[in-house]
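The values are calculated or read from the model by the stated rules, or taken from the named source; none is laboratory data. Source: prediction; values computed, not measured. Please note: Cβ atoms are built from the backbone with ideal geometry, for glycine as well, and neighbour counts cover all protein chains shown. Just so you know, the surface numbers come from the protein's heavy atoms only, side chains and all, with ligands and any DNA or RNA stripped out. Shrake-Rupley method; radii C 1.70, N 1.55, O 1.52, S 1.80 Å.
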Amino acid sequence: MKKISCALLLMLALTGCKSTYQKAMKSEDVAYKIAAAHDLYEKGKYRKATRLYEQAKPKIGIAPEAQMLYINYAKSQMALKNYELATPIIKEFNLKYPASVFREEMMYLEAYTLYLRSEDYKLDQLVTHDGIAKFQEFLAAYPQSEKADLAKKYSKELVEKIERKAFENAKLYNKIGEYTRDYNAAMISLDNFMLDYPGSVFKEDALFYKFDSAYKLAINSVYSKMEERLKNAQVAYKSLISFNENTKYKADADQMLARVEKELQQFTN
């Protein structure tokens, strides 16, 4: 009997919850709809909460008490991993309530949702650029925020993603050179990358692939141009070693340099 009673109570509770949600969905009373949505949000029933928030939002205007609707609506979408839907809700909040006591939190969340939406570096990086800009805005507005360190960390990750895409695009010319023998294009592209991102974490890689491109261009060169190109390869090697004398590429680079110096001997004898 005790087990049956517990089961009945549970069924009644679930029925009551469902009934409240259904009533709120059909109700024209915005305050009732929002209160039901907040209750569902607190209980972790984010999908149902978002449906009610979605119905209520167009009817609330910019009343100060509507702020919690935006906040809970956005956080519900984030809990459901609907980051693309959460971003415009947060953005609208930040535009409507520039003096809100929740602005710091919501500015951070706007940037964070963009961070979560950022695509793999091989794909379009428009959202990544937006995320970097929003983190910069947040840090400029709240440099002492408890979220400042996280904002810097996530912003750095986004910046490195942009840099990696640019580096991989430049490096691609080195790979294409195996078929076109046009290693000049690779060197120019890698030089441009280093000019655009002088402090990049991929600078060492760029320096190596520039040396690799100069080496391959020289070794496969016609005799009349070989000496000059071999010397250019030497310069590229020195740039790599000057940047990091213990580079992870040192073994390969030293072996390539030995070949360059051996080839140069024919021009000094």
Open item on the list: Any residue that is at pLDDT 95 or above and among the hydroxyl-bearing types (Ser, Thr, Tyr) - is there at least one of those in region 223-233?
Closed with: no
Open item on the list: Just to be sure I understand, how many residues within region 170-212 are among the polar types (S, T, N, Q) and touching a residue at least 24 places away in the same chain (Cβ under 8 Å)?
Closed with: 3
Task: Residue, nearest to residue 199 (Cα to Cα), within region 218-240, restricted to residues that are part of a helix (DSSP H, G or I) and polar (S, T, N, Q) - done: 239
Open item on the list: Please go through region 93-102 and give me each residue that is free of Cβ contacts under 8 Å to residues at least 24 places away in the same chain and surrounded by 15 or more Cβ atoms within 10 Å (Cβ to Cβ), ordered by number.
Closed with: 94
Task: residue 215 surrounded by 15 or more Cβ atoms within 10 Å (Cβ to Cβ), in a helix (DSSP H, G or I), touching a Lys or Arg at 6+ places or on another chain (Cβ under 6 Å) and at negative phi - done: no
Task: Positions within region 241-269 being closer than 16 Å to residue 228 by Cα and either part of a helix (DSSP H, G or I) or among the small types (Gly, Ala, Ser) (or both), in sequence order - done: 257, 259, 260, 261, 262, 263, 264, 265, 266, 267
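Matching residues to (1) within 30 Å of the chain's Cα centre (by Cα); (2) open to solvent by 50 Å² or more (accessible area, probe 1.4 Å); (3) not aliphatic (A, V, I, L, M):
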{"residue": "136", "(1), (2), (3)": "yes, yes, yes"}
{"residue": "150", "(1), (2), (3)": "yes, yes, no"}
{"residue": "166", "(1), (2), (3)": "yes, no, no"}
{"residue": "184", "(1), (2), (3)": "no, yes, yes"}
{"residue": "224", "(1), (2), (3)": "no, yes, yes"}
{"residue": "231", "(1), (2), (3)": "no, yes, yes"}
- [ ] Provide a single number: the residues in region 190-212 that are part of a helix (DSSP H, G or I) and surrounded by fewer than 22 Cβ atoms within 10 Å (Cβ to Cβ).
- [x] 8
- [ ] Please go through region 143-177 and pick out each residue that is among the aliphatic types (A, V, I, L, M) and more than 17 Å from residue 104 (Cβ to Cβ).
- [x] 158, 159, 162, 166, 170, 172, 176
Open item on the list: Please verify whether residue 218 is of a type in the set (A, V, I, L, M), in contact with a helix residue (DSSP H, G or I) (Cβ under 7 Å, 6 or more places away or on another chain), in contact (Cβ under 8 Å) with a residue 40 or more places away in the chain and farther than 17 Å from residue 249 by Cβ, treating the condition exactly as stated.
Closed with: yes
TODO: Could you please find all residues in region 239-269 being among the basic types (Lys, Arg) and surrounded by 12 or more Cβ atoms within 10 Å (Cβ to Cβ)?
DONE: 250, 259
